[in-house]
1. I'd like the accessible area for HIS266, computed on protein heavy atoms only with a 1.4 Å probe and all protein chains in place. Round to 10 Å², please.
2. Hey, which aspartates and glutamates would be in cross-link range of LYS121, C-alpha to C-alpha under 17 Å, not counting anything within fewer than 8 residues on its own chain?
3. Between the range 209-261 and the range 38-66, how many Å separate their Cα centres?
4. Mind putting a number on the dipole of the chain about its Cα centre? Charges go on the C-beta only, +1 for Lys and Arg and -1 for Asp and Glu, and I need it in Debye to the nearest 20.
5. When the convex hull of the C-alpha atoms of the range 106-209 is computed, what volume per residue in Å³ does it have?
6. Taking θ as phi - 60°, what are the ³J(HN,Hα) couplings along the range 92-99 by the Karplus curve (6.51, -1.76, 1.60), each to the nearest whole Hz, with x for Gly and Pro?
7. Given the range 185-225 reduced to its alpha-carbon atoms as identical point scatterers, what log10 I(q)/I(0) does the Debye formula return at q = 0.14, 0.24, 0.35 Å⁻¹?
8. State the percentage of accessible surface on the range 176-280 attributable to carbon and sulfur atoms; use a 1.4 Å probe and exclude ligands, DNA and RNA.
Amino acid sequence: MEIVARRLGAALPGETIESAMTPGLNALKTFDPPFSALDGAAFTGVRRRGKLLLLDVGSASHGELTLLLHLMSAGRAQMFDKRASMKDRTSRVLFRIPTPTHPDRELRVREFGTKQAAWVKLLRPDAVEADEAVATLGPEAWPEPPADLAERLAAPRPLHSMLRDQRVIAGIGRTWVDEILHAARLSPFKRGDDLADEEVEALREAIPGELGRVLDVYEEQVDLPLPEKFPKPTRVHAHQGEPCPRCETVLEAVFYEDYVMTYCPHCQTEDRVLKDRRLSRLLK
Ligand SMILES: [Zn+2]
């Protein structure tokens, strides 16, 4: 989301919204101020909080407003210099932002897959921080984890679930949790309240180290109109069966219903192979 905010932040401010639409029936979660307040409004800024994208606009009829966007896992914000075709079923939110050189420019929030999970809220400035999605966010993981990282993690929960809990620390997705825990040489099932000081320090280094590494790749490879599929510069996540990039032990994985958690038994779990929950459930 950071790279999306950077790219849109370079392109949108100053541009005027000719019209705004929500073809995704359930995408818009607010009704006051009305979405029509965006017609004729100008973008003033683009921000990111956790996995949320915030588009600030100035509306002639309603003053300053903020569009709060959560793309969820299958959503993308993309900018095109061609109008959406009538057959386009992926657009949930659509802004026409013609410029003198690009009369057909559109910013679209598109969603791929069957679920309609991405959402948008149109809020007045004072309602942004108070909004549940923003108010419940923990401190940002990047560029620097919070000073009280140890206290925030001190709960009887496994690291792999805690690190992607946006209330604990904001901005880490499940893909990058695997990379971070591998970099820090920590077991995904190690409990947060069972971390030694040096283990917290290893995480403090690994979190910005891994997120920064990914961002460097995005900086080089991701540009407008913003891709449907982002590069995934992973070394561990979903690489089960391949050699560990550090010690060459075969990487193992635990499979969940909708994702996979990959780790190196030698670097992270004292040579123990963790139980595959999918298998153990089938064998019950
Ligand atoms: Zn290893």
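1. For HIS266, solvent-accessible area is about 100 Å².
2. ASP32, ASP39, ASP56, GLU64, GLU111, GLU129, ASP131, GLU132
3. Computed from Cα coordinates, the inter-centre distance equals 32 Å.
4. Dipole about the Cα centre, nearest 20: 1200 debye.
5. Spelled out: Cα convex hull of the range 106-209, divided by residues, is 151 Å³.
6. Ordered by residue, 3J(HN,Hα) equals 9, 9, 9, 10, 8, 10, x, 10 Hz.
7. Values, matching the q order: -0.46, -0.80, -1.13.
8. On the range 176-280, the fraction of accessible area on carbon and sulfur atoms equals 45 percent.
The values are calculated or read from the model by the stated rules, or taken from the named source; none is laboratory data. Model, not experiment: these values are computed from the prediction. Backbone-built Cβ (ideal geometry, glycine too); neighbour counts: all protein chains shown. Accessible surface areas use protein heavy atoms only, side chains included; no ligands, DNA or RNA. Shrake-Rupley method; radii C 1.70, N 1.55, O 1.52, S 1.80 Å.
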